[in-house]
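To keep things clear, I will list the structure first and then write my remarks on it.
The values are calculated or read from the model by the stated rules, or taken from the named source; none is laboratory data. Nothing here was measured: the structure is a model prediction, and the numbers come from that model. Methodologically, a virtual Cβ is constructed for each residue, glycine included, from the backbone with ideal geometry; neighbour enumeration extends over all protein chains shown. Only protein heavy atoms, including side chains, enter the accessible area calculation; ligands, DNA and RNA are left aside. Shrake-Rupley method; radii C 1.70, N 1.55, O 1.52, S 1.80 Å.
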Amino acid sequence: MDIKVISVNVGKALLVSALFMFLSLVVSLSGGMDEAFSSLLISFLITLTVGAFPFIFVRKTSSISMSDGFLIITISWLLSFVFGMLPYLLYGGEFTLVNAFFESVSGYTTTGFSILKDVEALPKSLLFWRSSTHFIGGLGVIVFLLLILPESSPFRLRITNLELSSLSREGYRYRSSRTVRIMCTVYIGLVVVETLLLWGAGMSFFDAINHSFSTIATGGFSTRNASIAYYDSRVIEAIIFLFMLFAGMHFGLIFTFVTTGSFKVFKHPVMRFYLITIAVMTFFVACELFAGGGHTVGSALWDSAFQVVSALTSTGFTTADVINWPMMSSFLILCCGIQCACSGSTTGGVKTDRILIAVKAMGCEIRKRLHPNSVYPVRVGNHPVNDENVTSAILYITLYLLLAAVSVVIFLIAGSDLTDSLAIEMASIGNVGFVSMGSGDLAGLPAVSKLLSAFNMFLGRVEIYPVLIVIYMMFNRKGK
């Protein structure tokens, strides 16, 4: 383990957070130095100092080993959570130590859960910082880190492998540095375009940029207590719906579509499966809403489509009181939050890619049982998926659900009922940000449940394995 290499690269990640704290200070100054100015200033100075500190003593670093890389990833996220909670903690109000940490983790992991009862009471600068954590976490602290790693570093491709699934990497067909540029170009481009459209649709510029940060990062933090329902505008809802849909797609495919203008990208098997899932879930939820009364055909279709896409992309915006929806609809929304959208996007959950591979693998297994002497390779479209990727997808789904089950038991022991435990856990590890079942009372959770939820948000965001590998390295001398 090379302490110098780790400290320098973690310091670079912290400097990204310091930059957005500085931008939040600018927002505070533009508003006449609001109540959060001092807390943001102190947080900025502390984060900047700690982030820059390694550069004073480390003149030159060697190349990054694989074990150092896993440590850089894990420590970068964890320290971002800790330093990211400073503006909340120093501001006070509803932000106790546990609440501030929870809000910070929720922001960076683009989950969007909030313990706040009155979001609109926060100063604009703190709201901007809150949304900025979504923007940073959307591409991942590690992607920002990749932008400033030396071009010659052999770890650039390795570290990209930890952030993107194998199918996602194959879809880009570019080397690591090009992949990062494509991700950033698409990501920032979508934020800019959505901000302008929301501003033109009637949002203030401040609300527009905050909601764009949340939408493209598939986070869900809003500047309003009622979320998107506050605006009561179909135009605003339609814009956010469209960009949630985009944010759930493979960024490489979006880049290909924009640069070539070809609609062939939408024939990609994963993309088709993603869109078919939205259509099927929307149909069944809309049918139940309409049958239950209180909805016209149009409103049932629109409300169901918005909430299905919000859950499937793990964004978490709401336009309706989902908790009070009929049981089947609530359960289907919960299922959307388990699957979520495509790899190569900013969404959480198991990912559509893995679900599709698992479904294809089950189909092949059934045919093998009927015809034992035949060979049926798993295919996604016309491309065969090797056994390693099939096994990896199925093992990840199994591990994901196993960890979720263990966490549900812990929530139950801590005092939550079964419905609340299941809803909060699946929304946490899936980085969804809203619950479709139970009471939805996050502020009333005991501290241990909030910390467990925060840990699951972290696991879901980094896709479990980097954390488990670091834990293994800590307890196994061979890994040191």
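Observations on the model:
- Within region 279-325, being open to solvent by 20 Å² or more (accessible area, probe 1.4 Å) and of a type in the set (A, V, I, L, M) holds for Ala279, Val280, Met281, Ala291, Val297, Leu301, Ala320, Ile323.
- Wholly within region 227-345, helices (runs of 4 or more DSSP H) carrying at least 3 residues that are within 21 Å of the chain's Cα centre (by Cα) and under 17 Å from Leu356 (Cα atoms): 269-291, 327-339
- Tally of residues being not β-branched (Val, Ile, Thr) and not in a helix (DSSP H, G or I) across region 371-404: 12
- Filtered residues of region 446-465 (kept if of a type in the set (Gly, Ala, Ser) and under 10 Å from Ser428 (Cα atoms)): Ser453, Ala454, Gly460
To keep it simple, each residue is scored yes or no on (1) free of Cβ contacts under 8 Å to residues at least 12 places away in the same chain; (2) over 17 Å from Phe113 (Cβ atoms); (3) not β-branched (Val, Ile, Thr).
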site: Ser439; (1), (2), (3): no, no, yes
site: Leu445; (1), (2), (3): no, no, yes
site: Leu451; (1), (2), (3): no, no, yes
site: Pro466; (1), (2), (3): no, yes, yes
site: Ile469; (1), (2), (3): no, yes, no
site: Met474; (1), (2), (3): yes, yes, yes
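- Unique match (being closer than 25 Å to Tyr396 by Cα and modelled with pLDDT of 95 or more) among Met362, Met281: Met281
- Region 402-427 - residue that is farther than 12 Å from Asn456 by Cα and in contact (Cβ under 8 Å) with a residue 60 or more places away in the chain and, of those, surrounded by the most Cβ atoms within 10 Å (Cβ to Cβ): Ala423
- Residues in region 179-225 that are of a type in the set (A, V, I, L, M, F, W, C) and farther than 26 Å from Gly460 by Cα: Val192, Val193, Leu196, Leu197, Leu198, Trp199, Ala201, Met203, Phe205, Phe206, Ala208.
- Single residue of region 352-381 satisfying the filter (under 14 Å from Phe273 (Cβ atoms) and basic (Lys, Arg)) that is least open to solvent (accessible area, probe 1.4 Å): Arg354
- Qualifying residues in region 428-451 (those that are open to solvent by less than 30 Å² (accessible area, probe 1.4 Å) and among the hydrophobic types (A, V, I, L, M, F, W, C)) - the one nearest to Leu312 (Cα to Cα): Val432
- Ser65, sole failed condition from (1) out of contact with any Lys or Arg (no Cβ under 7 Å at 6 or more places or on another chain); (2) closer than 21 Å to Leu25 by Cβ; (3) surrounded by fewer than 21 Cβ atoms within 10 Å (Cβ to Cβ): (2)
- Listed by position, the helices (runs of 4 or more DSSP H) contained in region 92-192 that have at least 1 residues being at pLDDT 90 or above and open to solvent by 20 Å² or more (accessible area, probe 1.4 Å) are 97-108, 124-139.
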